[in-house]
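The values are calculated or read from the model by the stated rules, or taken from the named source; none is laboratory data. Just so it is clear, the structure is predicted and the values come from calculations on it, not from any experiment. In this analysis, Cβ positions are derived from the backbone assuming ideal geometry, glycine residues included, and neighbour counts consider all displayed protein chains.
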Amino acid sequence: MEKQHNHKDCMQALKPVRDTLDVINGKWKLQIIISLNAGNKRFTEIERSIPKLTSKVLAKELKELEQNGLLERIVKDTYPVSIEYYPTEHTKTLQPVVESLKDWGENHRKHIFGAPAEEAKEIKD
């Protein structure tokens, strides 16, 4: 009975984690969210703030983030038309997760490379 109970607990824990990863998984989504939270709101601002991110991939990722309610796309009635992206209130609930990931990443670099985060960054970037 104990094994079955552990399996059930595991499955109950995995489902919300899988749901979360389905929304924010990938190389770019969290980086885009961080860029939006830093105040970048136009396509080119976001693109320039994230090294190696292509326009095609950014467009796809922005569309997926919008579909998942993590950003709002505003079309400005200007000439030429301008489009701005804003994080939603729902996006702000990810901030503690992002902070935890940042802290874990810094500690992981220290653990693996035995150097302070900035030095380890220079070693591997």
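Where residues in segment 96-125 are of a type in the set (K, R) and either modelled with pLDDT of 95 or more or more than 16 Å from S35 (Cα to Cα) (or both), which of them is surrounded by the most Cβ atoms within 10 Å (Cβ to Cβ)?
R109
Might you check whether a residue that is of a type outside the set (A, V, I, L, M), in a strand (DSSP E or B) and either surrounded by 11 or more Cβ atoms within 10 Å (Cβ to Cβ) or on the phi > 0 side of the Ramachandran plot (or both) occurs anywhere in segment 86-95? Break it down into steps so the answer makes sense when it comes.
First, the residues of segment 86-95 that are of a type outside the set (A, V, I, L, M): 86-93, 95.
Remaining after also requiring in a strand (DSSP E or B): 86-87.
Subsequent filtering for residues that are either surrounded by 11 or more Cβ atoms within 10 Å (Cβ to Cβ) or on the phi > 0 side of the Ramachandran plot (or both) retains 86-87.
Yes: segment 86-95 contains one or more residues that are of a type outside the set (A, V, I, L, M), in a strand (DSSP E or B) and either surrounded by 11 or more Cβ atoms within 10 Å (Cβ to Cβ) or on the phi > 0 side of the Ramachandran plot (or both).
Hey, can you tell me all the residues within segment 66-117 that are in contact with a strand residue (DSSP E or B) (Cβ under 9 Å, 6 or more places away or on another chain) and either among the hydroxyl-bearing types (S, T, Y) or over 23 Å from E47 (Cα atoms) (or both)?
Correct list: S82, Y85, Y86, T88, T91.
Do we find that K27 is touching a Leu at 6+ places or on another chain (Cβ under 9 Å), surrounded by 10 or more Cβ atoms within 10 Å (Cβ to Cβ) and modelled with pLDDT of 90 or more in this structure?
yes
From the set of residues in segment 58-85 that are in a strand (DSSP E or B) and out of contact with any helix residue (DSSP H, G or I) (no Cβ under 7 Å at 6 or more places or on another chain), which is surrounded by the fewest Cβ atoms within 10 Å (Cβ to Cβ)?
Looking at residues that are in a strand (DSSP E or B) and out of contact with any helix residue (DSSP H, G or I) (no Cβ under 7 Å at 6 or more places or on another chain), I get V75.
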